[in-house]
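Please treat every number below as a calculation from the coordinates, not as lab data. Remember, it's a predicted structure, so these values are computed and weren't measured experimentally. Heads up, the Cβs are rebuilt from the backbone with ideal geometry, glycines too, and the neighbour counts pull from every protein chain shown.
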Amino acid sequence: MYETIGLWVAAILTLAVFSFLYKENPLYRFAEHVVVGSSLGYTIVITYQRVLYPRLVEPVFLHGESLVLIVPAMLGLLYVTRFFPRIAWLSRYPMAFLLGMGMGMAFPYDMQAYILRQIQATLIPLYTPGAPWYNTLGAVVIVLGTLAGLIYFFFSKPHKGPFFGFGSKVGIWIIMIGFGATFGFTVMGRISLLIGRVQFLLSDWLGLLH
Amino acid sequence: MKRTVPMMIAMIGGIIMMIQYFIPHQVSQDVFNYYTEWAPLVGSFALVLGVGSLTRVHIHKIRAKAPNWPYSYAVLIPLYLIPVFAFFLPASIGGGTGKPSVFDFMYSRVQIPIQATMFSMLAFYIASAAFRAFRAKSALATILLVTAIIVMLAQVPIGDLFGRWLPDTGLWILRFPNLAAKRAIELGVGFGMLATCLKIIFGVERGWLGGAGE
């Protein structure tokens with residue numbers, strides 16, 4: 001019984017969303033609004049189960065330990081002051097705590113992950129004895145392509161002359177190849193999702209495919 | 001008090017967290033542990049703000065009988081019903097523990113189908129947008145088009161019909177030129193993130209203070 005109701009609900013909602021391909025209609029709007037509400041409802045449950053219960057409710061209110069955790073809870077509650085215009089400025093305190101300390105913590109890690117590791121991974125030998133020619137060509141493309149891409153994004157100098165002019169031209173070519181690859185990858189991902197939904201309708205719901 | 005103190009908190013907190021990374025001492029480790037323990041807790045209360053704002057907007061629409069107001073019930077009912085079922089009626093649909101709960105039902109039979117279908121529908125819109133954007137009007141658009149076609153064909157069995165070179169070329173594009181482009185973009189993003197961190201810590205960027213009074 002549960003399975004049958006579940007199949008029908010999922011199938012009707014799937015068709016409701018697909019109906020948008022014809023034109024916008026009340027069925028699609030209903031599904032669109034439901035997903036907004038259910039996503040946030042689900043987030044409430046997950047936040048309580050994964051964060052609030054193990055980090056606040058259980059240690060402080062059930063076991064009476066780690067009373068210091070009441071401090072971040074009070075700080076978090078200051079967000080709610082945003083609803084009261086006269087004291088709304090208090091909501092800046094939790095934001096200052098999260099943003100300021102978060103940015104300070106992120107700085108060295110971002111430096112490592114986005115700058116140092118990327119540069120380290122780019123500085124590779126162009127030629128490795130015994131490697132196939134396409135790998136050697138690939139290594140050259142990685143080193144010169146990354147440099148050219150960076151030149152293209154460097155707007156403090158006009159893109160003229162043999163270094164900046166030619167470099168930025170190669171850079172935009174490399175970036176276009178990257179965008180093309182990303183586009184192809186994204187399309188394939190979406191199409192596999194589409195196949196999944198059509199399979200659900202034809203196989204699970206209607207039983208036409210086996 | 002209203003602007004200066006929060007900015008001071010952000011600055012002092014930011015500098016302390018930056019310094020603690022470079023000082024391998026128990027005190028700095030404790031500061032780090034406190035922050036990582038406290039931050040999710042503080043951040044989770046922002047959800048109250050989100051839920052409150054959404055509720056307020058939709059209740060206002062219902063009261064004012066604004067255009068499309070009946071759909072606001074489609075937002076509010078699952079928004080409050082899902083937590084009620086999860087916290088107060090966690091029993092399974094069939095009774096006992098053999099069947100999933102109503103909360104699981106709402107997730108697997110309502111939310112997942114709608115979200116998956118919405119994302120899958122993007123396949124149609126991406127294809128139609130690509131048709132308009134990718135017409136090989138210039139050399140750069142042609143490169144984009146050719147690369148996308150090779151990468152797409154390389155991932156499906158039909159690509160093998162053209163010969164082994166097509167999947168190999170698709171893989172080579174993903175491994176090398178695509179990586180070079182991504183790396184250049186990531187380095188740019190990295191420098192941007194570092195600049196933003198410093199701008200927020202030192203009070204140059206003040207957008208986060210919002211408009212909650214001077």
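Answer yes or no: is there a residue in region A:185-205 that is surrounded by 12 or more Cβ atoms within 10 Å (Cβ to Cβ), over 28 Å from B:Leu145 (Cβ atoms) and of a type in the set (D, E, K, R).
Yes, that holds for at least one residue.
When you check A:Thr14 against the structure, is it in contact (Cβ under 8 Å) with a residue 24 or more places away in the chain and either at the interface with chain B (Cβ under 8 Å from one of its Cβ atoms) or within 14 Å of B:Thr117 (Cα to Cα) (or both), yes or no?
yes
Can you tell which of B:Val27, B:Val57, B:Val51 is surrounded by 14 or more Cβ atoms within 10 Å (Cβ to Cβ), touching a helix residue (DSSP H, G or I) at 6+ places or on another chain (Cβ under 9 Å) and among the β-branched types (Val, Ile, Thr)?
So the residue among B:Val27, B:Val57, B:Val51 that is surrounded by 14 or more Cβ atoms within 10 Å (Cβ to Cβ), touching a helix residue (DSSP H, G or I) at 6+ places or on another chain (Cβ under 9 Å) and among the β-branched types (Val, Ile, Thr) is B:Val51.
Can you tell me which residue in region B:109-142 is surrounded by the most Cβ atoms within 10 Å (Cβ to Cβ), limited to those that are of a type in the set (Lys, Arg) and in a helix (DSSP H, G or I)?
Across region B:109-142, the extreme among qualifying residues is B:Arg109.
Which of the residues spanning region A:125-153 are within 11 Å of another protein chain (Cβ to nearest Cβ), outside any helix (DSSP H, G or I) and either touching a Pro at 6+ places or on another chain (Cβ under 8 Å) or touching a residue at least 12 places away in the same chain (Cβ under 8 Å) (or both)?
The one that is within 11 Å of another protein chain (Cβ to nearest Cβ), outside any helix (DSSP H, G or I) and either touching a Pro at 6+ places or on another chain (Cβ under 8 Å) or touching a residue at least 12 places away in the same chain (Cβ under 8 Å) (or both): A:Phe153.
Run down A:Ser39, A:Ser66 and say which single residue is more than 7 Å from chain B (Cβ to nearest Cβ), surrounded by fewer than 19 Cβ atoms within 10 Å (Cβ to Cβ) and over 24 Å from B:Leu198 (Cβ atoms).
A:Ser66
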